[in-house]
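Asks: Sharing a structure below in structure tokens format, with a few things to ask.
Every read-out reported here was derived from the displayed coordinates using simple, explicitly stated rules and does not represent laboratory data. Because the structure is a prediction, the values reported are computed rather than measured. Using ideal geometry, Cβ is built from the backbone for each residue, glycine included, and neighbour counts are taken over all protein chains shown.
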Amino acid sequence: MEIKTFGVVGAGQMGNGIAQVAAMSGLNVIMHDISDQLVQKGLKNITKNLEKSVEKGKIASADKDAVLGRIRTVTDLKEMREADMAVEAASEREDIKFAIFRDLDSFCKPDAILATNTSSIPIGRIASQTKRPGKVIGMHFMNPVPVMKLVEVIRALATSEETFKLTWDLSLKFGKTPAEANDYPGFISNRILMPMINEAVYCLFHGVGTKEDIDTVMKLGMNHPMGPLALADLIGLDTCLAIMETLYKGFADSKYRPCPLLRRYVEAGWLGRKTGKGFYEYA
């Protein structure tokens with residue numbers, strides 16, 4: 001099977017990044033979201049990223065136009081019937097993802113691969129919503145997608161070897177470095193990262209240090225490029241909370257209990273960069 005047309009469900013922060021790297025690899029891309037406003041916002045972000053690359057001399061202006069020419073925006077999920085593979089990049093909520101996968105299973109051609117960019121929800125749980133569990137896989141990109149090299153590839157119990165191989169090879173075609181993870185809540189990346197972020201929030205909650213000092217210790221002492229609280233703002237505090245809740249529910253272990261301060265921030269609508277306020281404030 002050759003993947004020529006690649007679908008992306010969700011044109012937000014992750015979705016438009018995935019659409020960009022797919023189009024830059026030469027694939028025709030169908031980018032979907034629930035409203036024209038959202039897909040146009042995603043396309044605008046892709047255009048902005050490509051224009052920056054032109055200004056830096058990384059790509060030619062003609063290349064930018066060619067990439068944009070390979071991206072088609074849609075608001076009807078039925079348009080995914082043309083896709084050889086579709087990746088879901090919607091909110092980190094089981095009900096939303098389950099509904100999308102049931103629809104994709106209905107609309108997409110029988111041999112199409114269905115991937116999810118979930119940060120923590122077990123792939124087998126998502127695959128069970130479809131009649132093609134062998135063709136369902138996790139393809140977890142990192143943020144920002146055009147910059148970050150890693151793609152975590154997660155196969156469920158039912159995922160076929162062919163599906164895994166095609167997804168692995170496609171990650172390489174996208175210019176990424178794939179890493180295989182087994183199907184446990186949080187996989188490798190967020191099973192390690194999110195408890196660290198959660199513990200940093202506990203340090204703030206307990207008054208161990210200011211947000212600046214906590215981030216400085218991790219940047220200068222542990223050689224992290226960004227402090228955990230600033231990183232949480234970049235990821236989105238609602239996403240961090242959703243992942244911690246998945247870990248807590250999945251392992252029934254108190255070490256994964258979300259910090260009450262993280263929950264309070266999310267309830268207040270302080271979600272980080274995307275709302276202009278999280279642990280830090282953004283213009």
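Asks: For residue 277, what residues show an amide H to amide H distance below 5 Å, using hydrogens built from the backbone and excluding near sequence neighbours?
Replies: Amide H neighbours of residue 277: 271, 272, 282.
Asks: Quick one: which residues, 5 or more positions from residue 73 or on another chain, have an amide H under 5 Å from its amide H? H modelled 1.01 Å from N in the peptide plane, none for Pro or chain starts.
Replies: So residue 73 has HN proximity to 31.
Asks: Moving to a separate point now. Most exposed first by the Cβ proxy, i.e. fewest other Cβ within 10 Å, how do 206, 140, 32, 224 rank? All intermediate terms of the calculation are to be shown ahead of the outcome.
Replies: Values: 206 10, 140 24, 32 29, 224 15.
Ranking 206, 140, 32, 224 by Cβ neighbours within 10 Å, fewest first, gives 206, 224, 140, 32.
Asks: So how far apart, in nm, are the two label points at residue 196 and residue 61 if each is 7 Å from Cα heading toward Cβ?
Replies: Here the answer is 4.3 nm between the modelled labels.
Asks: Which helices of the chain meet both criteria: a Cα extent of 20 Å or more along the helical axis and a mean Kyte-Doolittle score no lower than -0.5, with helices taken as whole DSSP H segments? Walk me through the numbers before you get to the answer.
Replies: On the way: long enough: 36-55 (28 Å, -0.89); 189-205 (24 Å, 0.76); 237-251 (21 Å, 0.73).
Both cut-offs are met by 189-205, 237-251.
Asks: Only one of the listed values, (i) 57, 39, 36; (ii) 56, 46, 41; (iii) 54, 46, 32, was derived from the coordinates as Cα extents along the principal axes in Å; which label is it?
Replies: (iii)
Asks: While we're on this one: Taking the number of other C-beta atoms within 10 Å as the exposure measure, put 81, 191 in order starting with the fewest.
Replies: Ordered from fewest to most neighbouring Cβ atoms within 10 Å, 81, 191 come out as 81, 191.
Asks: To the nearest 20 Debye, how big is the dipole of the chain about its Cα centre, given +1 on the beta carbon of each Lys and Arg and -1 on that of each Asp and Glu?
Replies: Here the chain has a charge dipole of around 160 debye.
Asks: Okay, moving on. Give the aspartates and glutamates whose C-alpha is closer than 18 Å to that of residue 255, dropping any in the same chain fewer than 8 places away, or say none.
Replies: List returned: 199, 245.
Asks: Turning to a different aspect of this structure: For a footprinting-style exposure proxy, rank 203, 240 by other Cβ within 10 Å, fewest first.
Replies: Going from sparsest to densest Cβ surroundings: 203, 240.
Asks: Right, something else. Work out how much length residue 208 to residue 102 would gain on full extension: take 0.36 nm times their residue separation and subtract the Cα-Cα distance, in nm to one decimal.
Replies: Extra length from residue 208 to residue 102 when fully extended: 33.6 nm.
Asks: Further question: Please compute the modelled spin-label separation between residue 109 and residue 4, points set 7 Å along Cα→Cβ, answer in nm with one decimal.
Replies: 0.8 nm
Asks: Once the dipole of the stretch 5-182 is set up with Lys and Arg at +1 and Asp and Glu at -1 on Cβ about the Cα centre, which of 39, 98, 174 lies farthest towards its positive end?
Replies: Value: 174.
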